[in-house]
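The values are calculated or read from the model by the stated rules, or taken from the named source; none is laboratory data. Treat the numbers as computed from the prediction; the structure is a model and nothing was measured. Ideal geometry is used to build each Cβ from the backbone, glycine not excepted, and the neighbour counts take in all protein chains shown. Please note that ligands, DNA and RNA were not included when accessible areas were found on the heavy atoms of the full protein model with its side chains. Shrake-Rupley method; radii C 1.70, N 1.55, O 1.52, S 1.80 Å.
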Amino acid sequence: MYAIVKAGGRQEKVAVGDQIEINRLKDDLGSSVSLPAVLVVADGAVTSSPEELAKVSIDAEVVEHFRGPKIHIQHYKNKTGYKRRQGHRQDLTRLRVTAIETGN
């Protein structure tokens, strides 16, 4: 059984026991988070209707908060003397999926 969930502005494929990295959440370490389902596949049956997905609950636990790798951004325009350097590190949260309950 696996599910596609909305998490951190993206869609992720998850199964029980998987760990995913999403944009930073404000929840504390060890706290439980519920993720909205977009699609659920269980025993070959695909569930995608909003009425059925309202019954599905996907629970995850916050494992850690960390920062992603540094991204170097460089702007340059030829023959004008314009150059600019910038960096960015995204704040991330690692979640462990603990349960996928279909509510049937």
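Just a few scattered comments:
- Single residue of the stretch 29-59 satisfying the filter (aliphatic (A, V, I, L, M) and over 16 Å from residue 13 (Cβ atoms)) that is surrounded by the most Cβ atoms within 10 Å (Cβ to Cβ): 33
- Scanning the stretch 1-16 for residues that are part of a loop (DSSP other than H, G, I, E, B) and either open to solvent by 80 Å² or more (accessible area, probe 1.4 Å) or more than 27 Å from residue 89 (Cα to Cα) (or both) turns up 1, 9, 15, 16.
- Enumeration of residues in the stretch 77-104 that are part of a loop (DSSP other than H, G, I, E, B) and either surrounded by 10 or more Cβ atoms within 10 Å (Cβ to Cβ) or touching a residue at least 12 places away in the same chain (Cβ under 8 Å) (or both): 89, 90, 102, 103, 104
- Check on residue 73, free of Cβ contacts under 8 Å to residues at least 24 places away in the same chain and of a type in the set (A, V, I, L, M, F, W, C): yes
- Considering the stretch 38-76, the residues that are of a type in the set (Lys, Arg) and in a loop (DSSP other than H, G, I, E, B) include one that is farthest from residue 21 (Cα to Cα), namely 55.
- Test: residue in the stretch 83-91 that is at pLDDT 95 or above, in contact with a strand residue (DSSP E or B) (Cβ under 9 Å, 6 or more places away or on another chain) and of a type in the set (Asp, Glu): yes
- Some residue of the stretch 46-59 being within 17 Å of residue 101 (Cβ to Cβ) and within 14 Å of the chain's Cα centre (by Cα): yes
- Only listed residue being free of Cβ contacts under 8 Å to residues at least 40 places away in the same chain and over 24 Å from residue 89 (Cβ atoms), chosen from 38, 62: 38
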